[in-house]
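One structure is given below, encoded as structure tokens.
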Amino acid sequence: MKAGIAIALIALLAQAASAGQTHLGPNEACESSKLFEAHSVIAWAIPSDPRAFFYSSGMAIDADGAFRAYHPNQVLGLDSLNHAGHRGNWWALVTDNYKTNGHPVVQGSSDPAPGYYVSTTSLFDNDNPNLKDPHRYVDALKIPYIVLPPEGFLHAKLGDFASVANLQNGHLSPAIVADESAPGLKFGEGSMALADALSIDSNPRYGGKDRGVAYVIYAGSGNGKPRTIEDIAANSQRLFEAWGGMQKLSACLAAHGKDRAKGMQIR
């Protein structure tokens, strides 16, 4: 499944990239101003069309929305159960009273992962009225998505598109804003599928990256709904090239003392 997703993303993005790119002049600097700060990571506003902001940080791995994200038996879930909450405050699970203080709902025999909890994401399919349906949420194993802190949602919204670059290897991936940070987590988080696309260890328990990941968020670009991989890839690539592409990202990183982006490899 992961190989199929990667191949689809490569094909879609390569086709979009071949349609043309926008480049900065060799001496053009990145105009930006501080937009907000969360956990010592600064997001910079960039006057551009499309409207965007960017930040550079590491990447924590999010399993939320995956059918096997969490299990009553800690060793069976993709991630540790404490990342979904705790008794009296289950922020990433569906509960029997649909409130954080309820008891987590376990998937039944007709669900995709019987015995596992129903894991949620902040972005969900509003056309699906069944809150206990695991398919209602954005699957971290299939969809490349990013997570923003509460401060980020003063400037972007769920369903907006993004581009994410691994500055160490130059890999670039499209993404969608699909979740809000859990309490205490650092600013810089992405789904398992996003980590795979960037060749970052995607294990939610011990994977991720401490630094060297750049995120560009296109504020107001989405429709507030989950999207297919094909939609995410096509829209993110179009927006990235209209914004200025990898050359602009490199200029903005350099302007703020961050690592320059290497030559882009579309994943």
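Throughout, read-outs are computed from the coordinates displayed, never taken from laboratory work. This one's a predicted model, so the numbers in the text were calculated from it and none came from an experiment. Positions of Cβ are backbone-derived with ideal geometry, glycine not excepted, and every protein chain shown enters the neighbour counts.
Could you work out how much longer the chain between Thr228 and Leu185 gets when fully extended? Use 0.36 nm per residue separation minus the Cα distance between them, nm to one decimal. Walk me through the numbers before you get to the answer.
Numbers: separation 43, 0.36 × 43 = 15.48 nm, distance 2.71 nm.
12.8 nm is the gain from fully extending Thr228 to Leu185.
What's the angle, to the nearest 10 degrees (0 to 90), between helix 2-17's Cα axis and the longest principal axis of the chain?
The answer is roughly 30 degrees.
Shape call for region 70-138 from the C-alpha gyration tensor, a ≥ b ≥ c root eigenvalues: rounded (a/c under 1.5), prolate (a/b greater than b/c) or oblate?
Details: a/c = 1.59, a/b = 1.21, b/c = 1.32.
Oblate, since a/c reaches 1.5 and b/c is not below a/b.
Full-extension gain between His86 and Leu154, please, as 0.36 nm times their residue separation minus the C-alpha to C-alpha distance.
Numbers: separation 68, 0.36 × 68 = 24.48 nm, distance 2.72 nm.
21.8 nm is the gain from fully extending His86 to Leu154.
For Cα pairs less than 8 Å apart in space and 6+ apart in sequence, what is the mean separation divided by the residue count of region 70-138, i.e. the relative contact order in percent? Let's see the in-between values first.
Numbers: 114 pairs, mean separation 16.3, N = 69.
Relative contact order for region 70-138 comes out at 24 percent.
So which chymotrypsin sites (Phe, Trp or Tyr not before Pro) in region 188-218 are both in a DSSP loop and have at most 15 other Cβ atoms within 10 Å of their Cβ? Present the calculation step by step, with values, prior to reporting the outcome.
Values: sites: Tyr206, Tyr215, Tyr218; in loops: Tyr206.
Here the chymotrypsin sites (Phe, Trp or Tyr not before Pro) that fit, given the DSSP loop and packing criteria, are Tyr206.
Assign unit charges at the C-beta atoms only (+1 for Lys and Arg, -1 for Asp and Glu), then state the dipole size of region 70-138 relative to its Cα centre in Debye, rounded to the nearest 20.
Numbers: 4 positive and 6 negative charges, 47 e Å.
So the dipole magnitude of region 70-138 works out to roughly 220 debye.
How charged is the neighbourhood of Val94? Take every other residue with its Cβ under 12 Å from the Cβ of Val94, and add Lys/Arg as +1 and Asp/Glu as -1.
Values: positive: Lys99, Lys132, Arg136; negative: Asp64, Asp96, Asp111, Asp133.
Summing Lys and Arg as +1 and Asp and Glu as -1 gives -1.
Which trypsin sites (Lys or Arg not before Pro) in region 58-116 pass both tests, a DSSP loop state and at most 15 other beta-carbon atoms within 10 Å?
Numbers: sites: Arg68, Arg87, Lys99; in loops: Arg68, Arg87, Lys99.
Answer by residue number: Arg87, Lys99.
Determine, from the Cβ-Cβ distance of Asn130 and Asp210 and an R0 of 30 Å, the FRET efficiency 1/(1 + (r/R0)^6), rounded to the nearest 0.05.
The computed FRET efficiency comes out at 0.15.
How much length is gained if the chain between Asn203 and Gln74 is pulled fully straight, taking 0.36 nm per residue apart and subtracting their Cα-Cα distance, in nm to one decimal? Don't skip to the end; give the middle numbers.
Working: separation 129, 0.36 × 129 = 46.44 nm, distance 1.46 nm.
So the chain would gain 45.0 nm between Asn203 and Gln74.
Using only Cα atoms, find the angle between the long axis of helix 245-255 and the longest principal axis of the chain, and express it within 0 to 90 degrees, rounded to the nearest 10.
With rounding to tens, the tilt is 80 degrees.
Please report the relative contact order for the chain, taking Cα pairs under 8 Å with a sequence separation of at least 6, and give it as a percent rounded to a whole number.
Numbers: 624 pairs, mean separation 72.0, N = 267.
Here the relative contact order equals 27 percent.
Kindly identify region 146-266 as rounded, prolate or oblate by the Cα gyration tensor criterion: order the square roots of the eigenvalues as a ≥ b ≥ c, call it rounded if a/c is under 1.5, otherwise compare a/b with b/c, prolate if a/b is larger, else oblate. It would help to have the intermediate numbers written out before the result.
Details: a/c = 1.31, a/b = 1.08, b/c = 1.22.
It is rounded, given that a/c, with a ≥ b ≥ c, falls under 1.5.
Convert each backbone phi in region 184-200 into a coupling constant with the Karplus relation 6.51 cos²θ - 1.76 cosθ + 1.60 (shift: θ = phi - 60°), then list the ³J(HN,Hα) values in order as whole Hz, x for Gly and Pro.
These are the phi-based 3J(HN,Hα) values: x, 7, 5, 7, x, 8, x, 6, 4, 5, 5, 4, 4, 5, 9, 6, 10 Hz.
Please state the shape class of the chain: rounded when a/c is under 1.5, otherwise prolate if a/b exceeds b/c and oblate if not, all from the C-alpha gyration tensor.
Details: a/c = 1.97, a/b = 1.72, b/c = 1.14.
Prolate is the answer for the chain, as a/c is 1.5 or above and a/b outweighs b/c.
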